[in-house]
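Working notes for the structure below.
Laboratory data are not the source of any read-out in this text; all were calculated from the coordinates shown. Everything quoted here is computed from the prediction, not taken from an experiment. Every residue, glycine as well, gets a Cβ built from its backbone with ideal geometry; the counts of neighbours run over all protein chains shown.
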There are 2 protein chains.
Amino acid sequence: MPRRLLAIDWGSSALRGALLDAEGGVLEERSAARGLLTIEPGGFPAVFDAHFGDWLRAPDVRCLMAGMVGSRQGWVEAPYCACPAGLDELAAHLARVPAPAGDIAIVPGVSCERDGVPDVMRGEEIKVFGALELLGLESAEILMPGTHSKWASVARGRIQRFATAMSGELYALLRRQSILARTLPDADGGFDADAFDRGLDRAFGGEGLLQTAFSVRTLALFERLPPSAGPSYLSGLVIGEELRARPLAGVEEVVVIGAEPLAERFERALRRLGRRVVRLGEEAAWRGLHAVQQRRDA
Amino acid sequence: MPRRLLAIDWGSSALRGALLDAEGGVLEERSAARGLLTIEPGGFPAVFDAHFGDWLRAPDVRCLMAGMVGSRQGWVEAPYCACPAGLDELAAHLARVPAPAGDIAIVPGVSCERDGVPDVMRGEEIKVFGALELLGLESAEILMPGTHSKWASVARGRIQRFATAMSGELYALLRRQSILARTLPDADGGFDADAFDRGLDRAFGGEGLLQTAFSVRTLALFERLPPSAGPSYLSGLVIGEELRARPLAGVEEVVVIGAEPLAERFERALRRLGRRVVRLGEEAAWRGLHAVQQRRDA
């Protein structure tokens with residue numbers, strides 16, 4: 001009997017799920033603002049059941065979850081798989097959720113070491129493998145922008161290494177909590193492409209964000225940047241700095257997985273650096289979980 | 001008759017003054033938490049009089065002020081002098097405070113352009129010229145660390161260019177407002193030199209602060225950095241990043257003007273990069289104001 005998969009991405013701030021057919025096609029999707037930060041201790045089974053219990057009770061449905069739900073603060077801890085990590089490693093290290101919750105397993109996150117310092121991801125690894133499946137690739141440079149951007153370098157079907165950039169969070173702190181907030185408008189207004197590009201070019205110049213950030217204030221002080229363009233300019237500074245610091249020398253194409261408007265800004269920035277960009281949305285997560293399930297069944 | 005100088009540094013957060021003899025020696029000092037941010041519109045004369053009126057009423061006393069008191073939000077605006085700017089330029093562009101306040105003038109701040117983007121300082125320029133006088137130098141690379149660090153490159157007695165790094169502010173935001181705060185202790189505890197050096201070396205590696213910052217979290221997660229060492233490590237990351245981004249290639253010696261403990265940390269970081277360091281305290285401000293007054297009298 002062909003079996004369906006309940007694919008779930010349960011992160012810090014959101015709970016999202018999709019019911020997939022045997023080929024990985026999406027039959028139905030649901031989401032709720034019930035990220036880990038909202039779950040009381042011991043509260044996972046009830047929240048899961050409230051949002052997905054009806055789907056899981058069907059006899060041909062199994063469930064795979066990815067994301068912070070597998071962290072130490074999650075439902076069941078799924079210890080990190082060390083890089084290089086591929087679908088085989090993930091499928092071999094699933095953490096089973098104890099009965100009677102149903103047929104549920106959690107995909108581990110991935111860890112790596114760069115110069116003796118660890119880095120971790122949970123949930124993004126699933127999108128990486130989904131992207132490889134969707135694009136028919138074995139090697140890729142993959143960017144998942146966000147509060148904490150993740151950059152994964154994939155070769156021979158395995159994540160070889162990756163890095164985390166706190167760009168989204170730093171942008172928000174500079175935008176709202178720093179001295180720069182005094183010269184920026186309260187509302188973001190529209191995206192100003194020219195100001196964004198100006199920020200990018202300033203960042204590509206290499207002074208580093210600690211120095212370039214102050215220009216948001218001085219350009220406003222000298223009336224060389226309209227206040228309404230400030231947020232776009234700062235966004236260019238931060239995204240430009242993220243790209244400047246990446247080892248992209250041998251990289252011709254970057255796969256960007258994420259939603260508007262952030263993914264579009266990163267695409268614009270990467271193209272300005274002469275890189276080709278392939279864009280994917282959050283469907284990569286469903287495809288990735290389907291791929292893990294296939295390995296499990298193989 | 002030899003004349004005395006009332007030298008005042010009136011910044012955003014503090015009001016400090018010193019009575020100097022004709023040779024620039026400090027006779028007496030006073031300070032108050034009456035920075036610009038605490039002054040109501042029109043409130044400058046009264047606050048000045050409350051703290052320094054008795055000194056200024058002596059017949060042989062004149063007053064020079066530096067700092068944000070000369071900004072658009074200050075007592076009287078003293079428009080910026082453009083680089084290259086030396087003592088002659090400052091002395092030629094003093095802004096007189098109108099009578100009947102007394103014989104008071106405000107030293108202008110300094111502006112420069114780097115790649116078409118302006119930068120500004122107010123108050124630090126006085127310390128730069130004070131340092132030159134105290135050290136008998138015509139050329140120097142001068143660092144004034146703080147919430148917003150200022151780096152001034154001096155040649156032939158004039159500030160040729162300078163830059164602002166928002167390092168102190170970024171450190172505070174990361175330390176208290178970001179996700180890193182969750183793995184850092186509430187109290188700073190003691191300075192951990194090993195952890196600080198580890199942060200420096202990580203920053204010198206060149207990944208950029210957006211990437212290296214996340215290691216505060218992952219090192220704690222993997223129990224490779226005790227929580228108590230976290231703030232020192234983060235401090236090393238931020239100060240190291242500030243130095244990494246500076247064009248220090250031809251610089252053998254850096255004059256660091258500032259108070260403990262920040263100035264000491266920068267000294268340690270600069271020595272780790274093989275630079276000689278000369279340290280000066282806030283007395284540089286008094287010497288700088290005295291030097292401006294001498295040019296004015298010449």
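Miscellaneous remarks
- The residue among B:Val254, B:Ala181, B:Thr212 whose Cα reaches farthest toward the positive pole of the charge dipole of segment B:167-280, with charges on the beta-carbon of Lys, Arg, Asp and Glu, is B:Thr212.
- Largest to smallest principal axis extent of the C-alpha atoms in chain A, angstrom: 68, 40, 36
- Spacing of the two label points (7 Å from each Cα toward its C-beta) at B:Arg161 and B:Thr147, in nm: 2.7 nm
- Every helix of 4 or more DSSP H residues in chain B counts as -39500 (n - 2.57), and over all residues that averages to -10500 deg cm²/dmol at 222 nm.
- Among the GluC sites (Glu not before Pro) within segment A:242-297, those in coil by DSSP and having at most 15 neighbouring Cβ atoms inside 10 Å are A:Glu252.
- Inter-copy separations for B:Leu273, label at 7 Å along Cα-Cβ, nm, ascending: 2.3
- With 5 Å bins from 0: P(r) over segment B:167-280, alpha-carbon pairs, percent: 2, 12, 24, 25, 19, 10, 6, 2, 0
- Pair A:Thr38, B:Asp194: separation of 7 Å Cα→Cβ label points (nm): 4.4 nm
- Placing unit charges on the Cβ atoms only, positive for Lys and Arg and negative for Asp and Glu, gives segment A:128-202 a dipole magnitude near 380 debye about its Cα centre.
- Label geometry 7 Å along the beta-carbon vector: B:Ala50 inter-copy distances in nm: 5.5
- Assigned charges on the beta-carbon of Lys, Arg, Asp, Glu; chain A dipole about Cα centre (debye): 400 debye
- In this assembly of identical copies, the label point of A:Val26 (Cα plus 7 Å along Cα-to-Cβ) is separated from its counterparts by 6.7 nm, sorted shortest first.
- Shape analysis of the protein assembly as shown based on the Cα gyration tensor places the equivalent ellipsoid semi-axes at 56, 22, 22 Å, largest first.
- When the trypsin sites (Lys or Arg not before Pro) in segment A:1-96 are filtered for DSSP coil states and for at most 16 other beta-carbon atoms within 10 Å of their beta-carbon, the remaining sites are A:Arg3, A:Arg57, A:Arg72.
- If only the Cβ of Lys and Arg carry +1 and only the Cβ of Asp and Glu carry -1, the dipole of the protein assembly as shown around its Cα centre is close to 220 debye.
- Reachable lysines from B:Lys150, criterion Cα separation under 29 angstrom, eight or more residues apart if same chain: B:Lys127
- Among chain A residues, the beta-carbon with the smallest distance to the axis carrying A onto B is reported, with distance in whole Å, as A:Leu173, 2.
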